[in-house]
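Here the structure is laid out as C-alpha cells; the discussion comes afterwards.
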Amino acid sequence: MTQTEAEQKAMRSSRAPVLDVVIPVYNEEVDLGLCVRRLHAYLRAGFPFTARITIADNASTDATLAVARLLAAELDGVAVLHLDAKGRGRALRAAWESSDAAVVAYMDVDLSTDLNALLPLIAPLVSGHSDLAIGTRLDASARVVRGPKREIISRCYNLLLKTTLRARFSDAQCGFKAVRTDVARELLPLVRDGEWFFDTELLVLAERAGLRIHEVPVDWIDDPDSRVDIVDTARKDLRGIWRLTRALATGTLPLDQLRAAVGREPLVAGVPLGMVGQLVRFAIVGVSSTLAYIGLYLLLQPLVGGQGANLVSLLITAVGNTAANRTFTFGVRGRDDAFSHQFQGLAIFAFGLAITSGSLFALHRWAPDAPVAVELTVLIGANLVATLARFVGLRWVFRHAGTDRAAPALAHSTVGATASGSDSAQRPGGPGVRR
C-alpha cells in the first residue's frame, strides 16, 4: 500500500529524533522565519542525525507565536512550545524536560554561531564520550566579530566565574549548547534560575558533579540588534553567583546524589572514584597538620614533658585535621553530623595517640637521654603509620557523608522546580531572548 505524503510526514514526526534543537524566542516575528528555514535546510542537507527544531515562544506579545505555528505546519520536523512567562531558562527547561530526543541543544534565533559547529557540538554527546557541550568564543582558535564592550563584558564575567565558583569552562554565555537528555533530567531539578543565569548554573552543577564538558571553538558574529539590558542582566548574574556560591559552601546542594546518578565508574578497578584526588588533598592537610604538631610540640615539651606535649599537640591538630579533611578532602559542608564526625575522628586520634605514645615510651625506655630532635624523628615516623590509618578511617567516617542529606534536598529542589514552573506566569520575566 502506498502511503500518502501526510501519512509519511506523520510517521516521521512520531519517531524520536536523535537531536532536538530548541530556539527560545521573545518577540522575534521578523527574524524567526529566516532563522528556522536556514536551520531546517542545513539539517536536511546531509546532517547525519535525525533532528527536530523546537521553537520555544516565551510570552511574545507580537506575531511570533503565529509565525512559529505557520512554520511548524509548513516544515517537516518543526514543533512549537508556548510559555506564558518570559525567561530563556524557563523556555529551555520546559522544552528539554519534555523532549524525547537523545540530545537536546539550543541556539539563539539570530544564528550568530556558524552552523558548521553543530555536528562537532553534538557528536561527543551522541557517542557517549561527553555529557554536555558548549560553544566557546574565548578559545584562541575561535573567530569572533563583536564590539569591544561586549568582548570586555564577556571576558570579565567568565573571569569572575573562575574566581568565585572555580569554573573551568571557558564561555558560559555563548548561545550554543547541548546536553544529553538523560543528563539534563538529572541536572534541571537543581537549576533554580529561569533567565540568563540558567546556563551558568547548569554548567557549574555539571562540573561539580564530575560530568565531562566538551568545548567547541566557534565562528561567531555579534548581532547588532541585541536587546539585552546589560545592567539588569549583570545584576541578576551577580545575585546568581552569590546564591550558588553560598549553596556550594553550605552543602545544601545534593551533589553526592547527583554524582551517584550521573557519575562515571572508576578507571581502575579497586580504586574508588575520586580517591586519587582525596589522597592529594589529604596529603596537603596532613603536611599542614604535621607542621602545626611540630610547632606545638616544641613549644610545650619544655613545659609538660614529651608525653604531655605529644598528647596536647596531637589532640589540637586532630580536631583541626578532621575539620579540614571534612571540608577540603571529602567535600562535606554544613553543620549536619559535624559533632558525630569529630567524635569518630577522635576515636581515630586515640589510635594515633597509642602508636605515637608507645613509640615515645619505647624510645625513653631504651634511650632515656635522647634529645628532642630524636624524639621528633621517632614521633614523625609513628605519625606516618597513624596517618595511613587515619586516611582509611576518615574514608569510612565520611563514606555516606552528603548522600544521606541529599535525598531530602533533591526532593525539595524537585518540588521547587515544579512549583516554579507551575506559577511562572505570575512571575516577572527577564529581557529578550538574544544575548
Looking at the structure I just gave you, is LEU119 over 23 Å from ASP100 (Cβ atoms) and either among the aromatic types (Phe, Trp, Tyr) or open to solvent by 10 Å² or more (accessible area, probe 1.4 Å) (or both)?
no
If you check ARG435 against the conditions, is it outside any helix (DSSP H, G or I) and at pLDDT below 50?
yes
Mind listing whichever residues of the stretch 348-363 are of a type in the set (A, V, I, L, M), within 18 Å of VAL312 (Cβ to Cβ) and in contact with a helix residue (DSSP H, G or I) (Cβ under 8 Å, 6 or more places away or on another chain)?
ILE348, LEU353, ILE355, LEU360
Residues in the stretch 358-377 that are more than 15 Å from TYR293 (Cα to Cα), open to solvent by 30 Å² or more (accessible area, probe 1.4 Å) and of a type outside the set (Asp, Glu) total 11
Quick one: what pairs do we get from the stretch 244-266, first residue exposed (fewer than 14 other Cβ atoms within 10 Å of the Cβ), second modelled with pLDDT of 80 or more and of a type in the set (Gly, Ala, Ser), C-beta under 9 Å, 6+ apart or different chains?
ARG264/GLY210
Does the stretch 113-123 contain any residue that is of a type in the set (Ser, Thr, Tyr) and assigned to a strand (DSSP E or B)?
yes
In the stretch 378-398, what residues are small (Gly, Ala, Ser) and open to solvent by less than 30 Å² (accessible area, probe 1.4 Å)?
ALA382, ALA386, GLY393
Is it true that some residue in the stretch 35-54 is part of a loop (DSSP other than H, G, I, E, B), under 27 Å from ARG90 (Cβ atoms) and at pLDDT below 95?
no
With part of a helix (DSSP H, G or I) and closer than 21 Å to LEU202 by Cα as the only criterion, which of LEU138, LEU92 stands out?
LEU92
Can SER60 be described as open to solvent by 10 Å² or more (accessible area, probe 1.4 Å), modelled with pLDDT of 90 or more, within 15 Å of CYS35 (Cβ to Cβ) and not charged (D, E, K, R)?
yes
With the first residue restricted to the stretch 184-213 and required to be on the phi > 0 side of the Ramachandran plot, and the second required to be open to solvent by 10 Å² or more (accessible area, probe 1.4 Å), Cβ contacts under 6 Å at 6 or more apart or on different chains are GLY210/ARG259; GLY210/GLY263
From the list ALA261, ALA234, which one is under 29 Å from ALA117 (Cα atoms), part of a helix (DSSP H, G or I), at pLDDT below 85 and among the small types (Gly, Ala, Ser)?
ALA234
Subset of the stretch 172-211, residues under 20 Å from ALA101 (Cα atoms) and either of a type in the set (Ser, Thr, Tyr) or open to solvent by 40 Å² or more (accessible area, probe 1.4 Å) (or both), comes to ARG180, THR181, ASP182, ARG185, GLU186
Applying the selection to the stretch 21-43, what residues are out of contact with any strand residue (DSSP E or B) (no Cβ under 8 Å at 6 or more places or on another chain) and either on the phi > 0 side of the Ramachandran plot or in contact (Cβ under 8 Å) with a residue 12 or more places away in the chain (or both)?
ASN27, GLU28, GLU29, ASP31, GLY33, ARG37, ARG38, TYR42
Taking the stretch 292-324 on its own, how many of its residues are among the β-branched types (Val, Ile, Thr) and open to solvent by 50 Å² or more (accessible area, probe 1.4 Å)?
4
So ASP229 ticks every box in (1) of a type outside the set (Phe, Trp, Tyr); (2) within 30 Å of ILE53 (Cβ to Cβ); (3) modelled with pLDDT of 90 or more; (4) open to solvent by 20 Å² or more (accessible area, probe 1.4 Å) but one. Which box is left unticked?
(3)
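The values are calculated or read from the model by the stated rules, or taken from the named source; none is laboratory data. Predicted model, so just to flag it, every value in this text is computed and none were measured. All Cβ positions, glycine included, derive from the backbone under ideal geometry; neighbour counts span all protein chains shown. When the accessible area is computed, the model is the full protein with side chains, heavy atoms only, and any ligands, DNA or RNA have been set aside. Shrake-Rupley method; radii C 1.70, N 1.55, O 1.52, S 1.80 Å.
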